[in-house]
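The values are calculated or read from the model by the stated rules, or taken from the named source; none is laboratory data. Predicted model, so just to flag it, every value in this text is computed and none were measured. Cβ placement follows ideal geometry from the backbone for every residue including glycine, while neighbour counts extend to all protein chains displayed.
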Amino acid sequence: METLRDILDAAARGVFPPADGGTTVVPQHSARDAGVLCFTAHSVVFTDEDPRWVRETLAALDCDALAATMNPLFLAAFMERTGRACDTVDALLVGPPLPGEPALALKEIEDASHPRVRYARRRRNGVRVWSADGGMLAMGRGVGGRLEVSVEVNTVDTADIANADARRLGLGRALVTAARQIAGEPLWAQIAPGNARSMRAFQAAGYVPVGSEALLLAR
């Protein structure tokens with residue numbers, strides 16, 4: 001049986017589920033993560049719930065079948081059924097590993113009580129966090145055991161908004177580029193579509209969009 005990790009590894013190589021309008025239901029990789037992945041004209045629901053419930057709930061929706069798994073009514077039913085919560089529907093990007101050493105000076109944070117470490121550990125396993133001048137970089141094992149990255153760029157203290165945006169974008173790009181050099185394997189990112197600055201930084205650093213994701217976490 002194809003697993004969630006099989007599907008993710010294939011997508012990282014540019015091999016996607018068939019664009020047939022279908023929905024694949026697979027078991028969760030871990031008790032922590034359930035949710036929905038949407039690729040071009042195909043969805044993947046990862047849950048330990050009865051697949052028949054998933055299909056019957058989707059079939060009952062009055063909407064385009066291609067949009068059903070991300071329809072708010074389905075996600076609300078999914079959350080009620082599982083007792084889970086969902087923050088947002090994210091764009092899902094992946095970047096291949098890069099050779100070489102990071103251009104940024106990074107210092108790994110060993111303090112497990114650091115707020116960024118604590119936050120990352122709620123969503124990922126094996127978390128490592130690095131600080132840089134003006135920002136932070138975190139990596140850990142998330143959905144399906146894939147390696148995920150997130151970054152944080154500090155506020156730039158300047159009245160020149162255009163230059164401030166350029167500096168933040170430049171640092172963000174440098175951080176997520178450094179992550180690809182550290183990772184040694186495909187690196188995944190979940191980004192709110194409205195966060196245009198972050199989307200531009202990741203894409204400029206060589207990450208490519210592969211789909212969307214609604215992640216349901218235990219309350």
Criterion (out of contact with any strand residue (DSSP E or B) (no Cβ under 9 Å at 6 or more places or on another chain) and at pLDDT 95 or above) met by exactly one of Leu61, Leu37:
Leu61
Take the conditions on the phi > 0 side of the Ramachandran plot, modelled with pLDDT of 85 or more and either in a strand (DSSP E or B) or hydroxyl-bearing (Ser, Thr, Tyr) (or both) and apply them to Gly126. Does it pass?
yes
Does Ala41 satisfy the condition of being small (Gly, Ala, Ser), out of contact with any Ser or Thr (no Cβ under 9 Å at 6 or more places or on another chain) and within 27 Å of Gly95 (Cβ to Cβ)?
yes
